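The values are calculated or read from the model by the stated rules, or taken from the named source; none is laboratory data. It should be emphasised that the depicted structure is a prediction, and the values quoted were computed from it without experimental measurement. Backbone-built Cβ (ideal geometry, glycine too); neighbour counts: all protein chains shown. Protein only, heavy atoms only, side chains kept; ligands, DNA and RNA dropped before computing areas. Shrake-Rupley method; radii C 1.70, N 1.55, O 1.52, S 1.80 Å.
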Amino acid sequence: QERRWHLSVVLLIAAISLCVSALIPGNIVSTVALMTVANACVFAALPVFWCLPSEFLSGKGAAAGIALINSIASSGGFAATFLLGWIKDKTGSINAGMLLFSVVLVVAVGIVLRIRAPAALGSGPLPAVK
């Protein structure tokens, strides 16, 4: 039951890296290094994240839940790109966008740490939907 912690740690490192890269805009080497760390952490979080739905759902419910997650992720990919461009147009810099994405990652960490798998409560996985 430590998936939550593994996911939270890498997301928090990604958030910190994005935040620091936005706060030191003049140093290209540091910015590239921090963005690389953030990118690596986000990609390291993906396999751990995709293990979580099976802790809550099974059968048709798992298929529907994974489809919903993918739909939200696709919408988020569009919205994040649009939002970053809009923020850059309004402020003249992407630093505010990076700070916003850092906040979103911290919120994700909070959500991940608040959820509890049914197995952790002793009830086991939810029954399959028929």
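Residues in the range 14-34 that are in contact with a helix residue (DSSP H, G or I) (Cβ under 8 Å, 6 or more places away or on another chain) and open to solvent by 70 Å² or more (accessible area, probe 1.4 Å) were compared, and the one that is nearest to ALA62 (Cα to Cα) is ILE16. Would you check which residues across the range 67-110 are among the hydroxyl-bearing types (Ser, Thr, Tyr) and over 18 Å from ILE24 (Cα atoms) and list them? Of everything in the range 67-110, those that are among the hydroxyl-bearing types (Ser, Thr, Tyr) and over 18 Å from ILE24 (Cα atoms) turn out to be SER71, SER74, SER75, THR81.
Each row is one residue, and each column tells you yes or no for (1) in contact with a strand residue (DSSP E or B) (Cβ under 9 Å, 6 or more places away or on another chain); (2) outside any helix (DSSP H, G or I); (3) more than 23 Å from VAL107 (Cβ to Cβ).
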{"residue": "PRO25", "(1), (2), (3)": "no, yes, yes"}
{"residue": "SER30", "(1), (2), (3)": "no, no, yes"}
{"residue": "ILE66", "(1), (2), (3)": "no, no, no"}
{"residue": "ALA80", "(1), (2), (3)": "no, no, no"}
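Where residues in the range 41-61 are in a helix (DSSP H, G or I) and over 21 Å from LEU113 (Cα atoms), which of them is least open to solvent (accessible area, probe 1.4 Å)? Per the criteria, the residue is GLY61. In the range 2-12, the residue that is nearest to GLU55 (Cα to Cα) out of those that are open to solvent by 70 Å² or more (accessible area, probe 1.4 Å) and assigned to a helix (DSSP H, G or I) is ARG3.
Restricting to the range 80-95, and then to whatever is among the small types (Gly, Ala, Ser) and surrounded by 11 or more Cβ atoms within 10 Å (Cβ to Cβ), can you tell me which residue is farthest from the chain's Cα centre (by Cα)? Across the range 80-95, the extreme among qualifying residues is SER93.
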